[in-house]
1. Based on DSSP, what percent of beta bridges with both residues in the protein assembly as shown are antiparallel, to the nearest 5?
2. Once you order the gyration tensor axes a ≥ b ≥ c over the Cα atoms, which shape class does region A:69-216 get: rounded for a/c under 1.5, otherwise prolate or oblate by comparing a/b with b/c?
3. Using label points projected 7 Å from each Cα along Cα→Cβ, tell me how many nm separate A:Gln35 and A:Arg62, to one decimal.
4. Set the Förster radius R0 to 41 Å, insert the Cβ-Cβ distance between A:Asp121 and A:Ser71 as r into 1/(1 + (r/R0)^6), and round the FRET efficiency to 0.05.
5. Averaged across orientations, what area in nm² does the convex hull of the alpha carbons in chain A project?
6. Between helix B:167-191 and chain B, what is the angle of the helix's C-alpha long axis to the longest principal axis, kept within 0 to 90° and rounded to the nearest 10?
7. Tally Lys/Arg at +1 and Asp/Glu at -1 over every other residue whose Cβ is under 11 Å from the Cβ of B:Asp279; what's the total?
8. Over the Cα atoms of region B:59-130, what Rg and Dmax result, in angstrom?
Amino acid sequence: MGGTSTRALAIATQKLNLWYGTFQALFDIDLNIGQGIITSMIGPSGCGKSTFLRSVNRINERLGYVRITGSVDVMGEDIYQQGVELVQVRKQVGMVFQRPNPLPISIRDNVLFSHRLHTSDKCSKARLDEIVEDALQQVLLWDVVKDKLQHKATSLSLEQQQKLCIARLLPVKPAVLLMDEPCSALDPKGTEAVEELIWELRGKYSILIVTHNMAQARRASDECVFMLMGKVIEHTDTGDMFVTPRNQETADYIEGRYG
Amino acid sequence: MEQNQAQSPSPPLDTRFDRLNSDWYFDKLAQVLMFIGGISVIVFIIGIFVFVSIEGFGFLAGKFEFSEFFFSPDWRPTSQTKETYGLLALMAGTASVTGFAMLVAVPFSLGAAIYIAEFSSGKKREFLKVTIELLAAIPSVVWGFIGLTIMNPLIIQIFHVPVGLNILNAGIILGLMAAPIMTSIAEDALKAVPDRYREAAEAMGATRWQMIYKVILPAAKNGLLGAILLGVGRGFGETMAVLMATGHSINLPTSVFDSVRALTATIAAELGETAVGSDHYQALFAIGIFLFAVTFVINLVADLIVRGVRKG
Ligand SMILES: Nc1ncnc2c1ncn2[C@@H]1O[C@H](COP(=O)(O)OP(=O)(O)OP(=O)(O)O)[C@@H](O)[C@H]1O
Ligand SMILES: [Mg+2]
């Protein structure tokens, strides 16, 4: 399917099917997400966008009743293969959730959380400070919080919390960032700020972002995936999709004829 | 409604509102009954406190000597030559048994709470919770009986000591007694930690254990502290089991194999044999006031801490 085929792939799925218990949520998903670009994922509520995202970082497995067939390759490695370490998968594939979910610890500890999980040897305090500053700089949050790094992360505004949730993924240098409607809990100003940030991160990370906001998908992504009822209907350059959708369903959705 | 409005543009007020019918009286009656029920609890508690205070006040005004009461280990209210009313040994008894009980109960109940809240689900979880609640309902005299008939010979056999009724025995019994309620409250505290924290930690690659000790336990720490304090309060107030399992002999303990006597057990054992209004009788009530004050403070602190959790 679509996309720019010459580009190296960040995520590649083959015949991915997923069941919650007996309910099938994903059907034969073959999707190739390119490296270093922003891909947006749109589709009506309940079509399986979150489900797809969550199976790329295997966080779905928390539920215990999820079953999968097919394969998901991240940077060329099948992450569902036996012997693959869950911890490594999650290090490589960072996830940002719909509701900002910073941990109820200090801002600094939030930024270092992932780093501490994945680095066994002790770093000097200076090195840690550097990591914190670098991550917060990347999400344009450093100037705001540099004087209150010891404050609880949960005391920040939602916009800042969401930026922090992105920042804490960066120290372990993930290849892929998954974002599930990262702006839906934010006000328009916060949305704009986070969008801007995501655009800043373009090129450094491969980003897959789910959104309900057509305008956001249009202005903030290189490629766009349209899903419907657990299937991928269309995957093309964002510009093409919004100007000349190939499928009737895509056209209907873009014009707002679905929920 | 719409039909009504269609017929008459300004319908008269619903008749139910301007007449007192049986529903209204029933409502009022229920309200009054609730109020009486609620207020009587408070009245009883105040009544008990006043009663205990009045009975104990005679002692506080008469034979009471601060330094003897709190710092003398001699509790000899029936001495022919000179009566002494020292609580130190009794306080040491209560404190040592409660302390030992917490050594037993804290790891047990925290472990159980973590297992139930974080590692079990569905039927297994329900089963465990019901079991814990059943354990909490075992009467204390049964625990005391277990201390007397099972623990006692066991301790004598294992440790080769002359008596098995001691701090070790009572501490274990009391620990097992307090563990269920502590487990329950600790589990509530863990469950109150929002799931999105777990999800966040796991999505970053934390293992279950890393998630628990880096995120869940710190987030739930106030609730867990509250659970422990309530356990301490339970230990302080427990009477029957400690009466039966401590050996009930006045001692300043130096090892866990020493028999001791608890404050509560002293009241329970002696009150029936004293003449109403005598110094001894009043001294026992003074102990009651002391216990009342201590447990009140412990429970209050526990309550404040747990409440602090709820607020965030
Ligand atoms: N934990 C779950 N257990 C069972 N079914 C689920 C679960 N999560 C999602 N589903 C079902 O799977 C389907 C896809 O859900 P999913 O959350 O992936 O949709 P979505 O596209 O992200 O929707 P939205 O735009 O509302 O977030 C839905 O029908 C939903 O009811
Ligand atoms: Mg979703």
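1. Restricted to the protein assembly as shown, the bridges split so that about 60 percent are antiparallel.
2. Oblate shape, in that a/c is at least 1.5 and b/c is the bigger or equal ratio.
3. 3.0 nm
4. Taking R0 as 41 Å, the efficiency between A:Asp121 and A:Ser71 is 0.75.
5. Its average projected convex-hull area is 14.0 nm².
6. Roughly 20 degrees between the two axes.
7. Values: positive: B:Lys63; negative: B:Glu83.
For residues surrounding B:Asp279, the net value is 0.
8. In order Rg, Dmax, the Cα atoms of region B:59-130 give 22.2, 67 Å.
The values are calculated or read from the model by the stated rules, or taken from the named source; none is laboratory data. Source: prediction; values computed, not measured. Ideal geometry is used to build each Cβ from the backbone, glycine not excepted, and the neighbour counts take in all protein chains shown. SASA here: full protein model, heavy atoms, side chains in, ligands and nucleic acids out. Shrake-Rupley method; radii C 1.70, N 1.55, O 1.52, S 1.80 Å.
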